[in-house]
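The values are calculated or read from the model by the stated rules, or taken from the named source; none is laboratory data. These numbers were taken from a predicted model, which means no experiment stands behind them. Heads up, the Cβs are rebuilt from the backbone with ideal geometry, glycines too, and the neighbour counts pull from every protein chain shown. Accessible surface areas use protein heavy atoms only, side chains included; no ligands, DNA or RNA. Shrake-Rupley method; radii C 1.70, N 1.55, O 1.52, S 1.80 Å.
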Amino acid sequence: MRIVSGGVTDLGRVRTNNEDCFRIVEPLSLFVLADGMGGEAHGEVASAMAVETVVKCCMEPEDGGATVIGTSEPTWSEKTKRLTSAVHLANRNIYDSAEANPDQHGMGATLTAAWIDGSRLSVAHVGDSRAYLLRSGNLQQLTSDHSLVAEQVRRGILTPAEAEESEMQSVLLRALGALPDIEVDTDEHILFARDILMLCCDGLTRMVTEPEIAGTLQAETDPTRAAEKLIALANERGGVDNITVIVVRVGAESKGWFSWLFGGGRKKAARNGAAGGS
């Protein structure tokens, strides 16, 4: 698979600091996004710790005998097992840091990570940041929000429309750092040429509808510009939170239509994210 990606993060129109963090590690086709919480600078600490822990773990040399943290499925690939173990370790690191530093008490982060290996996509997720897959014009949410209102919708207590108006949208049922052990949602998917993967925080999805997301991803072929346009739309709606978007376009390895369409290069943009292996 040929991968073209870009990521952008923005302060938004209301917040005074950016608690989001993301990394694009191009040599690994690894994409990690976290949304911090905890007030002052502690949300930034938690999100950065989450992202850097996952990236570091995934960049380590493969070891078939490495211990898997948390539960795993026997059918999972080694990369999927490593990714979910990395998220478990990130949770432990944030929890331990908060326990050791009283001023960090209550800090935590959501995290959504995607790792592409050939046609296989591994996704690991905790919280309400999301991963989406756009295929043939259909936008599918690959992750389930670990939030109070999302759980109420799943139980039929609230309608989706009521959930969008709820004042409890920010209440999370699961986040990194809250407990010493965490349940990580992990899944594998098969990718096809022309698929578009998007990771984002709730600063986007609270402001921009899924049809608008799908339309932007279809209309803008450059991943970075697509992320910028989605962020601009969220800011037009009020930008009440930090906004971070990673867009990944998948194509065949050949130098055919895909190379011509995207100029043959990978695109990247970041404020607190970094592309590359360092």
Would you mind checking the radius of gyration and Dmax of the range 1-46 based on alpha-carbon positions, in Å?
-> 13.2, 41
Work out the length of the dipole vector of the chain about its Cα centre, built from +1 on the beta-carbon of each Lys and Arg and -1 on the beta-carbon of each Asp and Glu, and round it to the nearest 20 debye.
-> 1060
The aspartates and glutamates whose Cα lies under 20 Å from the Cα of K79, excluding any fewer than 8 residues away in the same chain, are E26, E52, E60, E62, D63, D117, E183, D185, D187, E188
GluC sites (Glu not before Pro) within the range 164-246: DSSP coil, no more than 15 neighbouring Cβ in 10 Å | E167, E183
Mean ellipticity per residue at 222 nm, deg cm²/dmol - from DSSP H runs of n ≥ 4 across the chain, formula -39500 (n - 2.57) | -9500 deg cm²/dmol
Determine one quarter of the surface area of the Cα convex hull of the range 119-174, which equals its mean projected area, and express it in nm² to one decimal.
-> 4.8
For the range 48-195, build the convex hull from the C-alpha positions and give me its volume per residue in Å³.
-> 139
The range 1-134: relative contact order as a whole-number percent, Cα under 8 Å and 6+ apart | 26
Accessible area expressed per residue, the range 154-218, with surrounding protein chains retained (probe 1.4 Å, Å²) | 55
Output the relative contact order of the range 115-257, whole-number percent, from Cα pairs under 8 angstrom with separation of 6+ residues.
-> 28
Using only Cα atoms, what is the ratio of the radius of gyration of the range 112-224 to 2.2 N^0.38 Å?
-> 1.13
All-pairs Cα distance distribution in the range 26-135, expressed in whole percent, bin size 5 Å | 2, 12, 22, 23, 18, 12, 7, 3, 1, 0
Hey, if you put +1 on the Cβ of every Lys and Arg and -1 on every Asp and Glu Cβ in the chain, which of M49, G118, C201 ends up farthest toward the positive end of that dipole?
-> G118
Taking E162, E26 and ranking on accessible area (1.4 Å, protein atoms only), highest first, one gets E162, E26
